[in-house]
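*Asks:* My questions will all concern the structure given below.
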Amino acid sequence: MDFELTAEQKEVRALARDFAEREVAPVIREYDEKHEFPHEIMKKLGGTGLLGALVPEQYGGAALDYVSYALAVEELNRVDGSVGITMWAHNSLCTNHIALFGSPAQKAAYLPRLARGEALGAWGLTEPGSGSDAAAMKSRAVREGERFVLNGSKAFITNAGVAEVAVVMAVTDPARGSKGISAFVLDRGMAGFTAGRPYRKLGLHASNTAELVFDNVSVEATRLLGELGVGFVNTMQVLEGGRIAMAAMAVGIAQAALDQALAYMKQRSAFGKTLAEFNGLQGMIADMGTDVEAARLLTLRAAALKDAGRPARTAASMAKVFASEVAMRAATKSLQIHGGAGYITEFPIERIFRDAKLTEIGEGTSEIQRMVIARDILGLR
């Protein structure tokens, strides 16, 4: 069992860390306070190749392995969750769905632009009334000759209002349940295809999250992504990689919380000692450090399994549920260590604490992950 990263993986980690510290850290607080999407940051991120992380080289992508990708996601989220979630939703969901299941013509049309960051991607699965029961979606795509007419909406969609490209799921055969769901690739500006106003969220203020609305959107049959009726099956495959990336996001946020706690404890004094010298607080740091390292190892294990072509579904769920709950625990403990200072916006831990909660909800809630894990352990199908 080799825990050493390759030279290439270390290079990707260093690239992401350098970008986050140089381009994101100095300015992200202002974006967060204004609830403003960081267009300039994302434009610069496109120049690093990280927006084409999972795109094959023939389409201009970086073709990273999942371990490298997880490391990059962690480093971006270590500095800011909004930039991090924008990057991984673009990569893991929209772009990867096209890379995995698109036709040669669809890949050639979309992947180069997405990889260069000339277009951001969104991915529409969740609906207002379905949530975790994604197969109960109400959006419909009715075939009319060589076209489909799409009606419905999607909720809580990352990048919805800033994306040029969106992969969306809709029911094409209601009688077949989850086997009657298909995927389509849409472009911004198509008649009847709109994004709602951005949600005002607890955290991740600098990311764009909104509804996608379909009002009699006429879609050419050539926009069908993958085979008719297998959209939900393909979605589950896409989500496997997405959960690894969400776990990496949580690890990055947890590491950020730990970093902030360490810095504060070393410079803040009480009763003639720095906080770092108090045994009780040292115990909190020990627990946080152990949790973060365990979450990182679970995440990289899931990524390595996926790279090896081995089953990774349960490993991804284990990594996601554990890392996301570690992120919340670490953020809570770090804020407690900061005391009153942690409750004001002058210190980054306030933003980190708000951002952490999403990791327990997105890409399948903790409850859904536990269902996946338990069914595997019990041998249920």
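For (1) farther than 25 Å from Ala70 by Cα; (2) buried (at least 19 other Cβ atoms within 10 Å of the Cβ); (3) of a type in the set (Asp, Glu), each residue gets a yes or a no:
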{"residue": "Thr274", "(1), (2), (3)": "yes, no, no"}
{"residue": "Asp287", "(1), (2), (3)": "no, no, yes"}
{"residue": "Ala295", "(1), (2), (3)": "no, yes, no"}
{"residue": "Leu298", "(1), (2), (3)": "no, yes, no"}
{"residue": "Asp307", "(1), (2), (3)": "no, no, yes"}
{"residue": "Ala316", "(1), (2), (3)": "no, yes, no"}
{"residue": "Met328", "(1), (2), (3)": "no, yes, no"}
{"residue": "Thr332", "(1), (2), (3)": "no, no, no"}
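*Asks:* Within the stretch 160-232, considering only strands (runs of 3 or more DSSP E) that don't extend past its boundaries, which have at least 2 residues that are of a type in the set (A, V, I, L, M, F, W, C), farther than 25 Å from Glu30 by Cα and within 26 Å of the chain's Cα centre (by Cα)? Explain how you work it out, then say what you get.
*Replies:* Values: elements: 165-171, 181-187, 193-195, 209-220.
Fully inside the stretch 160-232 and qualifying: 165-171, 181-187, 209-220.
*Asks:* Looking at the stretch 270-293, which of its residues are farther than 17 Å from Thr332 by Cβ and modelled with pLDDT of 95 or more?
*Replies:* Gln282, Glu293
*Asks:* Can you find, within the stretch 1-52, the residue that is surrounded by the most Cβ atoms within 10 Å (Cβ to Cβ) among those that are of a type in the set (A, V, I, L, M, F, W, C) and not in a helix (DSSP H, G or I)?
*Replies:* If we take residues in the stretch 1-52 being of a type in the set (A, V, I, L, M, F, W, C) and not in a helix (DSSP H, G or I), then Phe37 is surrounded by the most Cβ atoms within 10 Å (Cβ to Cβ).
*Asks:* Could you identify the single residue in Val55, Val67 that is of a type in the set (A, V, I, L, M, F, W, C), under 26 Å from Asn234 (Cβ atoms), open to solvent by less than 20 Å² (accessible area, probe 1.4 Å) and outside any helix (DSSP H, G or I)?
*Replies:* Val55
*Asks:* Also, I was wondering about something else. Here are some residues: Arg381, Arg351. Which one is over 15 Å from Gly242 (Cβ atoms) and within 18 Å of the chain's Cα centre (by Cα)?
*Replies:* Arg351
*Asks:* Right, next: Does the stretch 115-153 hold any residues that are in contact (Cβ under 8 Å) with a residue 40 or more places away in the chain, in contact with a helix residue (DSSP H, G or I) (Cβ under 8 Å, 6 or more places away or on another chain) and within 17 Å of Met190 (Cβ to Cβ), and which are they?
*Replies:* Result: Ala119, Leu120, Gly121, Ala122, Trp123, Glu146, Arg147, Phe148.
*Asks:* If we keep just the residues of the stretch 214-232 that are in contact with a Ser or Thr (Cβ under 6 Å, 6 or more places away or on another chain) and closer than 24 Å to Trp88 by Cβ, which is most open to solvent (accessible area, probe 1.4 Å)?
*Replies:* Phe232
*Asks:* Looking at the stretch 343-359, I want the residues that are part of a loop (DSSP other than H, G, I, E, B) and have a partner that is among the basic types (Lys, Arg) and open to solvent by less than 50 Å² (accessible area, probe 1.4 Å) with Cβ atoms under 8 Å, at least 6 apart or on another chain. Which pairs are those?
*Replies:* Thr345/Arg351
*Asks:* May I pose another question? Within the stretch 151-194, can you find the residues that are at pLDDT 95 or above, of a type in the set (S, T, N, Q) and farther than 30 Å from Glu36 by Cβ?
*Replies:* Answer for the stretch 151-194, where residues must be at pLDDT 95 or above, of a type in the set (S, T, N, Q) and farther than 30 Å from Glu36 by Cβ: Asn151, Thr172, Ser182.
The values are calculated or read from the model by the stated rules, or taken from the named source; none is laboratory data. Nothing here was measured: the structure is a model prediction, and the numbers come from that model. With ideal geometry, Cβ positions are generated from the backbone for all residues, glycine too; neighbour counts draw on all protein chains shown. Note: accessible area is taken over every heavy atom of the protein model, side chains too, but ligands, DNA and RNA are not part of it. Shrake-Rupley method; radii C 1.70, N 1.55, O 1.52, S 1.80 Å.
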